[in-house]
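Report on one structure; see the data block that follows.
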Amino acid sequence: MIPYIKTNIRHKVFKDKVFLTTDNGRYCSLTLDEWKDFKLEIIYDETKEKLHKAGLILDENNFKEQIDINKLKNDCIYSGTSLHIIVTTLRCNMSCLYCQVGRKYKDKEGYDMDIETAKKTVDFIFQSPNDDITIEFQGGEPTLNLDVLKFIIKYAQDKNKLIKKNLEITMVTNMTTMNEALMNYFIDKGVDVCTSLDGNKEVHNHNRKYDEDNHKQVTYWIKRFNDEYIKRGLSNRMSALVTLTNLSLKFYKEIINEYISLGIEVIHLRNLTKLGFAKKSWDNISYTADEYLEFWKKSVEHIEELKKKGICINERMVLMMEEKIANDKEVNYMDLRNPCGAVIGQIAYNHEGDIYSCDEARMMKNDIFKIGNVHKTKYIDAISCDKCKNILDASILSQYKACDECIYFPYCGICPVLNYEESGSLITDIMNSDRCKILKYQYDWVVNKYFLK
């Protein structure tokens, strides 16, 4: 037997194995007999190495390592905002059933960003101390205000020639306005383009209403972009986003196969969010947490079978959860951070220059999440305001006793925006929420699949 010091440990029993985690996110699995001995503060030579490596036991040889891991894990909190989401226009030419943003019809006036606001927005963004800056265009449909979109791209890239940050520019578009000239412009400027693809033609066109066959448009331009990337010798590849309605749940194989047919190797099977216009049609498009999880389980198991056959496709939530458990550095997914990614990870800028704590927050259009305006607010003042402090405080897991005791505490996160939407408060009954139920199930699946050895 060897004397040792235990860290703060959480555990969960999975049949014949016990999964343990530390505050730092280090993990270990033990047999039931090893766990029984561990609880009695008995440890034998054969289990010391894996417990020591995982940081579940501490001595002079690994104590500093655990401190360094803690610093690395929390580095994103102190680095400054990296993701900046710009809404060049709230207008859109589609009528998607689940639209979260409360888009305006394409001919509506007064919902476009002007040049001066665009300039002020970019100036605000570059006040962030983070060396890595991503500007992402969302909407509405960003290309409906193309002149301002192009201005932002040029102004940001010219500005960065002096400031020399690691600048990336991305755009999410429905592909309805895409043409050869515009495609070549985005590729020439190094703009990564993403689109929405809800699966096969029946599901996609049902969910994403348009006068024409939008499924045909989207699949054509995904192929066309990828062909052009290959032709130019670029490593870029198109990505796409799935949103699931109750109709989607019947077509899990078809949705996954559609992505495979287009060479897209990652699919994020996201459940619906009750924001924007989605609230109005919720009863017609939604499903229960259990219905979603049944769909998700069948989907990821189908993906596992495809991978055994050499077909390259992965579910994004599985990838992120696996990475969060296996690695010490945070993944680039704000919803699973503690505190959440609002303000410190991402900021959203509406067409009139209003600044919101995150993209979901600007969809709420509630002053509780509005932290300034680019015409009169400096970055340092926005991120240090009382509203930001309240939002971030509400997303710290340790204030929830049930979260603090949960095995997945080091890997999980809370969204104050969704809390507010569901309960009218930034802080709510997390344990009884669908979000908690879904995340626990998904983490259980990932741990069972990859980490009980």
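Some notes on this structure:
- Here 265, 212, 258 are screened, and the one residue that is in contact with a Gly (Cβ under 8 Å, 6 or more places away or on another chain) and either assigned by TED's automatic domain parsing to the domain that holds residue 101 or among the hydroxyl-bearing types (Ser, Thr, Tyr) (or both) is 258.
- Note on segment 374-404: among residues that are in contact with a Phe, Trp or Tyr (Cβ under 9 Å, 6 or more places away or on another chain) and within 21 Å of residue 337 (Cα to Cα), the one that is surrounded by the fewest Cβ atoms within 10 Å (Cβ to Cβ) is 398.
- If you go through segment 223-250 and keep only what is assigned to a loop (DSSP other than H, G, I, E, B), surrounded by 16 or more Cβ atoms within 10 Å (Cβ to Cβ) and of a type in the set (Ser, Thr, Tyr), you end up with just 245.
- Here is the figure for segment 251-284: residues that are modelled with pLDDT under 95 and part of a helix (DSSP H, G or I) total 7.
- From the options 371, 396, residue that is touching a Ser or Thr at 6+ places or on another chain (Cβ under 8 Å) and of a type in the set (A, V, I, L, M, F, W, C): 371
- Of residues in segment 397-448 being of a type in the set (S, T, N, Q) and part of a loop (DSSP other than H, G, I, E, B), the one nearest to the chain's Cα centre (by Cα): 433
- The lone exception for residue 72 - which of (1) crowded, with 18+ Cβ neighbours inside 10 Å; (2) touching a Lys or Arg at 6+ places or on another chain (Cβ under 6 Å) it fails: (1)
- Selection within segment 292-346 - closer than 22 Å to residue 80 by Cβ and of a type in the set (Phe, Trp, Tyr): 333
- Scanning segment 90-125 for residues that are among the aromatic types (Phe, Trp, Tyr) and surrounded by fewer than 19 Cβ atoms within 10 Å (Cβ to Cβ) yields a total of 1.
- Segment 411-432, subset closer than 25 Å to residue 371 by Cβ, among the polar types (S, T, N, Q) and without any contact (Cβ under 8 Å) to a residue 24 or more places away in the chain, residue surrounded by the most Cβ atoms within 10 Å (Cβ to Cβ): 428
Here's the yes/no breakdown for (1) within 30 Å of residue 110 (Cα to Cα); (2) not small (Gly, Ala, Ser):
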residue: 362; (1), (2): yes, yes
residue: 367; (1), (2): yes, yes
residue: 410; (1), (2): no, yes
residue: 417; (1), (2): yes, yes
residue: 427; (1), (2): no, yes
residue: 433; (1), (2): no, no
residue: 443; (1), (2): no, yes
residue: 447; (1), (2): no, yes
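- With respect to being surrounded by 23 or more Cβ atoms within 10 Å (Cβ to Cβ) and free of Cβ contacts under 8 Å to residues at least 60 places away in the same chain, residue 371 fits the description.
- Lone unmet requirement of (1) surrounded by 20 or more Cβ atoms within 10 Å (Cβ to Cβ); (2) closer than 27 Å to residue 351 by Cα for residue 439: (2)
- Restricted to segment 160-182, and to residues there that are of a type outside the set (A, V, I, L, M, F, W, C) and touching a Gly at 6+ places or on another chain (Cβ under 9 Å), the residue that is farthest from residue 242 (Cα to Cα) is 168.
- Some residue of segment 81-89 being surrounded by 15 or more Cβ atoms within 10 Å (Cβ to Cβ) and either out of contact with any strand residue (DSSP E or B) (no Cβ under 8 Å at 6 or more places or on another chain) or farther than 30 Å from residue 128 by Cβ (or both): no
- Filter pass, residue 137 being part of a strand (DSSP E or B) and within 22 Å of residue 229 (Cα to Cα): yes
- Only one of the listed residues (131, 158) is modelled with pLDDT of 95 or more and either among the polar types (S, T, N, Q) or under 18 Å from residue 383 (Cα atoms) (or both). That residue is 131.
- Candidate set from segment 146-169 (those that are part of a strand (DSSP E or B) and surrounded by fewer than 17 Cβ atoms within 10 Å (Cβ to Cβ)); member that is farthest from the chain's Cα centre (by Cα): 166
- Inter-residue pairs, beta-carbon under 7 Å, first on the phi > 0 side of the Ramachandran plot and in segment 162-191, second exposed (fewer than 14 other Cβ atoms within 10 Å of the Cβ), 6+ apart: none
- Scanning segment 285-318 for residues that are surrounded by 14 or more Cβ atoms within 10 Å (Cβ to Cβ) and in a loop (DSSP other than H, G, I, E, B) gives 286, 287, 313.
- Condition met for residue 55 (buried (at least 20 other Cβ atoms within 10 Å of the Cβ), touching a Pro at 6+ places or on another chain (Cβ under 8 Å) and not assigned by TED's automatic domain parsing to the domain that holds residue 203): no
- Extreme residue, surrounded by the most Cβ atoms within 10 Å (Cβ to Cβ), among residues of segment 175-222 that are acidic (Asp, Glu) and within 24 Å of residue 253 (Cα to Cα): 198
- Subset of segment 184-216 (residues that are under 16 Å from residue 226 (Cα atoms) and either at pLDDT below 95 or outside any loop (DSSP other than H, G, I, E, B) (or both)): 184, 185, 186, 187, 188, 191, 192, 193, 194, 195, 196, 216
The values are calculated or read from the model by the stated rules, or taken from the named source; none is laboratory data. On a predicted model such as this, the values are computed, not experimentally measured, just so you know. Don't worry about glycine lacking a Cβ; one is built from the backbone with ideal geometry, like all the others, and counts go over all protein chains shown.
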